[in-house]
Structures are given as structure tokens and as C-alpha cells.
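Contents: one structure, followed by commentary.
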Amino acid sequence: MSKTKKVILVLAIAAIVVVMIIAAVNGVEAGTAWALLPPIIAIGLALITKEVYSSLVVGIIAGALLYTNFHPLQAMNTITQDGLIDAVSGTAGIFVFLVELGIIVALVNKAGGSAAFGKWAATHIKSRTGAMIATFVLGVMIFIDDYFNCLTVGSVMRPVTDSHKISRSKFAYLIDATAAPVCMIAPVSSWAAAVSAYANDGNGLKLFCMAIPYNFYSLLTFVFIIALCVMSFDYGSMAMHEYNAKYKGDLYTTGERVDTELENDVNEGGKVIDLILPVVVLIITSVFALIYNGGFLDSSADNANYLNFIGAFGDTDATVGLPWAGAIALVFTIVYLILRRVINFKESMEAVPKGFFSMVPPILILTFATALKNITGLMGADTFVAGLMEGAAASLFNFLPAIIFLVAVFLSFSTGTSWGTFGILIPIVLPIFPAGSELQIIGISACLAGAVCGDHCSPISDTTIMSSAGAQCNHINHVSTQLPYALTVAGVSFVTFIIAGFVQSWYISLPIGIALTIGVLILLKYVGKNRAAAEQSEAQPE
């Protein structure tokens, strides 16, 4: 760590100590700004130290102390029961799904399926731009669930992006920038179902669909990715990562090399079908498991979702559906690969611990991040944000969508949950505007877009963690390189929401947002070229 960063870290620790002393002296009330201090501490320390585990633990401890008014024994109980135990029990299904996917990836790699797909892709995808666009397209196609999207796209496209020397940070960004945004604009997804559930008038899905053209952050993120790939340039810390990958063959630049040994000693007889077929089976079983868990085939008299595809998604539980879908796909993969004689039974069992070990880092991060979210919830973050929104509603009415967007970004970034953010804000936002008005639709869109944006930026977001896991990228590298890109789109989205609040037509505001996005990228590329030319000129001897 450089001297400058050490000084910043010392100052940050001193500031935390001072704030905690003030809180201990004056006391802490639930539903105040204190509720957002623990995640802010964790996020700040993670960005300074580049070390996520200790940063999250410090945030958890700070939150428990604030929640219990600095009673040490009660704080320990809060950390253990309300934090860690509830975090593990609440996300145990996702942990199981992560391990199952890790094992499937290990099996496919051992059988040579990934290597065969990489060779096939090398003959069909000729350029770095093509590899990035292919990753984007696959991400858009998998719109059912963001967890499933991150890990599936990561396992399928990693050999392709590696072969074209695309940095793991850029790969993680491509995964993350399609996972949550595409789920937020897909009417058939677990996200659409969750959003619909918060609109109590029974028209939740209709409102969600009407809000899609105004979901500027999600839509403009897609424009941003395509334009960035076609223009072939990067900026911020991502530029360094991409330069090192392209010209030095270093896919990581900094941090630990999180590659596992899964790709060593692979079977040369593997075929592309050995990768594609398990993934297809996983997709089919996942969709079926989600709708079945939501009551799609339950013909009981009190079930309204019988043969109702959309309704089943509204009542499904991904933490239950995805694990048993993963179990079916895992058993199928083992049996299929053994029958194909590309691996034997002993090799398939050896892949089990290897797949588990590959998923330990994201499981740990997800556990700590969820514990931090739980404690933040105990401190009444939703009550505090509700008060902010009521105050904003009394001010400039046409600017309200842009204000809602900013509030959602801040809340989602601080808590690391987009679902929790729109769960808090939608019931608050709906009554602010006239029912059925265009401004109400724009307001809901601003809430959803801000939730995705904050989730996209936050190092404690589960989707961000899953993207790092899918790309096998150092988590802090992913967060720090993605942040400038996400903030660029957020800035354009904020301006577009201001425009939409006045013109109240997506036919006008969305094209303006697209033009602004492309214009900003052109300007950034032009400024970057001029800066590089100036530096080169200064470096030449007179």
C-alpha cells in the first residue's frame, strides 16, 4: 500500500472512531441516518484497502454496536444471530446453487468441454470486439434470473474472453452490466415478479411493462456496452487492466489470481456439446423449477397460479427453485459425461471438492454482505428513506423522478440490494403521483433504474459478487474498474430523467438519452487521445 493510501486509511479509521464515539455519547435512534453508516463504513474501507472480508466485518461490528447502543454482549448476539446465522439460513439455497454450478463447471472443464468450446469460438469469433459482443448477447438472452445469468455466462464465455486477451475485470463488467439490467426490463423474470408484488392494486406487471421504456439506466447501459465495444477504447482504471491483458497477457493486473486448477489436465476428446448440453439442461430445469415452486402445476382451489406462467414467477422462491434445478443438472452432467467416457466416476467425484473450493470466496463475501444488510434493516433504513422521499415530494414536482433516481441509487449502493431498495421505495413512490399518470410510470422507472444502478456500483451487492465469481475476477478489481462506467451511465440517466419529468414521453427522452450516451463516449475517447498524444510529446527529447 502506498504512503498516500496509508494516510487515507489512517484518516478514515480516525473518522470512524470519532463518529462512533459521538454515537456512543449521544445515543442512536432507529430510522435515522445512522442506519446507513455501517454499509458506508464497509464500502469505504473496501475501496481504500482493496480487502473486502475485513471491511465487511468492520461494517457488521459497527452496525451491531450502533443497533445495541454499544452494549458489547448484545452486539455479539446481534452479529451472531441477526447477522451471520440469519444470513446463512436466508441464503443457504443460493449457496447450494453456487456450489452446484461450481461442480458443473469443474466437470465440464475436466471433460474438455470448455476447451473444445474455446477452440470452436476461436474459429468463429475472430476479434476482441466479437468476443465482448458475444458475451453481451449471451447475457441478454439469459434474463430469467441474475444469479443464474452471472454464473452461466461466466462459465461459458470465460475461455473465449481469455483467448482474446480480455481482462477479467472487463469480463466481469460485461457480465454485471447485463445481469441485473436485463432482468429489470424482462417481463418474464424473477425481478419482474418481485416488482409486481409491491404494487398492491393487482396491476403490478402492467405497471412494470409500461415502465420499461423509461428504465433509462438499464437501457442506456446496453447502448453504452455496444458503443464501448465498437469504439474499442476504455477509460479509468479499466484502461490499465485492458492494456495489460492485451499487450502483456496479464488478465488480472493486481490482486490474487483467482483461477482454479479446474482447467489443468483436461480430456482432449471433449466436444462443444459437453459444455452446451449441461448448460441447456440447467436452463430448462431452472425455468421449470422456478415456476413449479411458484405454484404453476398446483391445481388446489386456493392457488391462483395454476397454469399461470407470470403469476408463478410472482410467487416463486429462487432460493428453493434454483438449488433443486442445479441438483438435477449436476446429476445429469455426471451421468452424461461418464456415459460419454470423457471422465470416469472417480474423476467426477474429484470435481466435487474442486468445484466447492472455487466458490468459497463468493460464499464468504455473500454471507458477510447479507449479514450487513440484515443489521442495516434492523436499524430502520427503510423508515429513514421514507422520510426523505416524503420531504422530496413537497418540492419541485417535475424534478421528482430524477430525485427518486438519486435516492434509489444511494440506498441501493449503501445497502447492496436492489430488491430491498424498490421494495422500500415503490410503496412510497406510487401515492406521490396521480394514479395512472405518465409521471407515475416515470417515477416507478426512476425507482427501478436507481435500484439497479446502486446495486451495480456497490461492492456489497450480491449481483456484483456473483459477477466477480462468474468471471473469476478479484472482487475489488471488478468494483473499482466498473465504477467509472456505471457512474457515466448514471449521470446520463439522471439528466434523461430530468428531461422525462418535463416532456413525459419516452419517444423523446429515450433517444435523447441514447444520443447523450454515445456523445459522452465520443468526448471521452477524444479527450483520452489528446491526453495520450500530449504525454507522448512531452516524453520525446528536444
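The values are calculated or read from the model by the stated rules, or taken from the named source; none is laboratory data. The shown structure was predicted, so the numbers you read here are calculated from the model rather than taken from an experiment. Positions of Cβ are generated from backbone atoms using ideal geometry, with glycine treated the same way; all protein chains shown enter the neighbour counts. What goes into the accessible areas is simple: the full protein's heavy atoms, side chains included, and nothing from ligands, DNA or RNA. Shrake-Rupley method; radii C 1.70, N 1.55, O 1.52, S 1.80 Å.
For every residue, the table says whether it meets (1) open to solvent by less than 30 Å² (accessible area, probe 1.4 Å); (2) closer than 17 Å to Thr464 by Cβ; (3) assigned to a helix (DSSP H, G or I).
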residue: Ala92; (1), (2), (3): no, no, yes
residue: Ile104; (1), (2), (3): yes, no, yes
residue: Asn109; (1), (2), (3): yes, no, yes
residue: Ala131; (1), (2), (3): yes, no, yes
residue: Leu138; (1), (2), (3): no, no, yes
residue: Cys150; (1), (2), (3): yes, yes, yes
residue: Val153; (1), (2), (3): yes, yes, yes
residue: Arg158; (1), (2), (3): yes, no, yes
residue: Lys165; (1), (2), (3): no, no, no
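Quick grid of which residues meet (1) under 30 Å from Ala33 (Cβ atoms); (2) out of contact with any Ser or Thr (no Cβ under 6 Å at 6 or more places or on another chain); (3) open to solvent by 10 Å² or more (accessible area, probe 1.4 Å):
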position	(1), (2), (3)
Asp315	no, yes, yes
Trp324	no, yes, yes
Ile328	no, no, yes
Pro353	no, yes, yes
Met359	no, yes, yes
Leu364	yes, yes, yes
Worksheet, complete the sentence: Of the conditions (1) at pLDDT below 90; (2) open to solvent by 40 Å² or more (accessible area, probe 1.4 Å); (3) within 27 Å of Cys150 (Cα to Cα), the single one that Ala534 does not satisfy is (3)
Worksheet entry | Condition met for Leu277 (in a helix (DSSP H, G or I), open to solvent by less than 20 Å² (accessible area, probe 1.4 Å), touching a residue at least 40 places away in the same chain (Cβ under 8 Å) and not basic (Lys, Arg)) | no
Worksheet item: part of a helix (DSSP H, G or I) and hydrophobic (A, V, I, L, M, F, W, C): does that describe Ala30?
Response: no
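Can you name the residue in region 171-189 that is more than 14 Å from the chain's Cα centre (by Cα) and farther than 17 Å from Gly450 by Cβ and, of all such residues, is modelled with the highest pLDDT? Give the steps one after another, and end with the answer.
Looking only at region 171-189, we keep the residues that are more than 14 Å from the chain's Cα centre (by Cα), and these are 185-189.
After this cut, where a residue has to be farther than 17 Å from Gly450 by Cβ as well, the list is 186-189.
On the way: Ala186: 80, Pro187: 71, Val188: 61, Ser189: 63.
The qualifying residue modelled with the highest pLDDT is Ala186.
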Discussion item. Restricting to region 335-351, count the residues that are buried (at least 20 other Cβ atoms within 10 Å of the Cβ) and closer than 19 Å to Val272 by Cβ.
Written reply: 3
Item to complete: Check off (1) under 19 Å from Phe356 (Cα atoms); (2) free of Cβ contacts under 8 Å to residues at least 60 places away in the same chain; (3) not hydroxyl-bearing (Ser, Thr, Tyr) for Arg158 and give me the number that stays unchecked.
Response: (2)
Item to complete: Return only the number of the condition from (1) under 22 Å from Phe356 (Cα atoms); (2) modelled with pLDDT under 70 that Leu322 does not satisfy.
Response: (2)
Worksheet item: Inside region 59-77, can you point out the residues that are open to solvent by less than 80 Å² (accessible area, probe 1.4 Å) and either in contact with a Ser or Thr (Cβ under 6 Å, 6 or more places away or on another chain) or under 19 Å from Asn26 (Cα atoms) (or both)?
Response: Ile61, Ala62, Gly63, Ala64, Leu65, Leu66, Thr68, Phe70, His71, Ala75
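Assess whether Phe171 counts as being open to solvent by less than 10 Å² (accessible area, probe 1.4 Å) and either assigned to a helix (DSSP H, G or I) or out of contact with any Lys or Arg (no Cβ under 7 Å at 6 or more places or on another chain) (or both). Can you show your working first?
On the way: open to solvent by less than 10 Å² (accessible area, probe 1.4 Å): yes; either assigned to a helix (DSSP H, G or I) or out of contact with any Lys or Arg (no Cβ under 7 Å at 6 or more places or on another chain) (or both): yes.
Judged against the criteria, Phe171 is a match.
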Worksheet item: With (1) open to solvent by 30 Å² or more (accessible area, probe 1.4 Å); (2) touching a residue at least 60 places away in the same chain (Cβ under 8 Å) as the list, and Gly491 as the residue in question, which single condition is left unmet?
Response: (2)
